[in-house]
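Chemist: Below is a structure I'd like to ask you about.
Where a number appears in this text, it was derived from the coordinates with a stated rule and is not lab data. Since the structure is predicted, the reported quantities are computational estimates derived from the model, not experimental observations. Cβ sites come from the backbone with ideal geometry, for glycine too, and all protein chains shown count toward neighbours.
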Amino acid sequence: MAALEWACHQAYFADDADILDLTELAQVPPEAYSELVLHMHPSCHLLRSAYPIAAIWHAHQSGASGDFNIDLNAGPCHALVSRDSDIVVVTELATADAIWLQCIQAGSALGEVTEETTARYPAFDLLPVLQTLVAQNIFAGFTPGATT
């Protein structure tokens, strides 16, 4: 939990940055999508824990239901910490989504990461993952990949 709280602190105090410009992204030809390198917003942090840290964190936020009956043996949790305006947000991610996003954060190209993730997790579906992350303002921009 300390790592999650520290990530929340870092997210809150992270530098401001522009969010992904969808108009600019729409100007990229579809055949170049696989070479895009997405950049995560400086407030974003990925965490993995053997415990359900996202559920524990949410249970202790104001307005929560007060149900602290959380199964500590529920299995690992992948949490994405981000900031929306001045509000810290903790989102639990599916394993495949977290691994995909971790590779994106490391600077890998969209096509390569998606191909590797799909090979490892055949049920991985890029479109809803991208839609959710873009709606949460997780990306600060992009660069085109290597040009040939």
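Chemist: Any idea which of 112, 31 is on the phi < 0 side of the Ramachandran plot, more than 15 Å from the chain's Cα centre (by Cα), without any contact (Cβ under 8 Å) to a residue 60 or more places away in the chain and outside any strand (DSSP E or B)? Can you show your working first?
Modeler: On the way: 112 fails: without any contact (Cβ under 8 Å) to a residue 60 or more places away in the chain.
The conditions single out 31.
Chemist: Here's another thing I want to ask about it. Scan the range 46-99 for residues that are surrounded by 10 or more Cβ atoms within 10 Å (Cβ to Cβ) and in a strand (DSSP E or B) and report the count.
Modeler: Count: 18.
Chemist: Does any residue in the range 46-63 that is touching a residue at least 40 places away in the same chain (Cβ under 8 Å) and within 18 Å of residue 87 (Cα to Cα) come within less than 8 Å, Cβ to Cβ, of a residue that is polar (S, T, N, Q) and part of a helix (DSSP H, G or I) six or more places away or on a different chain, and which pairs are these?
Modeler: Pairs found: 46/102; 46/105.
Chemist: Taking the range 115-144 as the search range and keeping residues that are assigned to a loop (DSSP other than H, G, I, E, B) and more than 14 Å from the chain's Cα centre (by Cα), which one is surrounded by the most Cβ atoms within 10 Å (Cβ to Cβ)?
Modeler: Narrowing the range 115-144 to residues assigned to a loop (DSSP other than H, G, I, E, B): 121-125, 136-138, 144.
Now restrict to residues that are more than 14 Å from the chain's Cα centre (by Cα): 121-125, 144.
Working: 121: 15, 122: 9, 123: 7, 124: 19, 125: 13, 144: 13.
Selected residue: 124.
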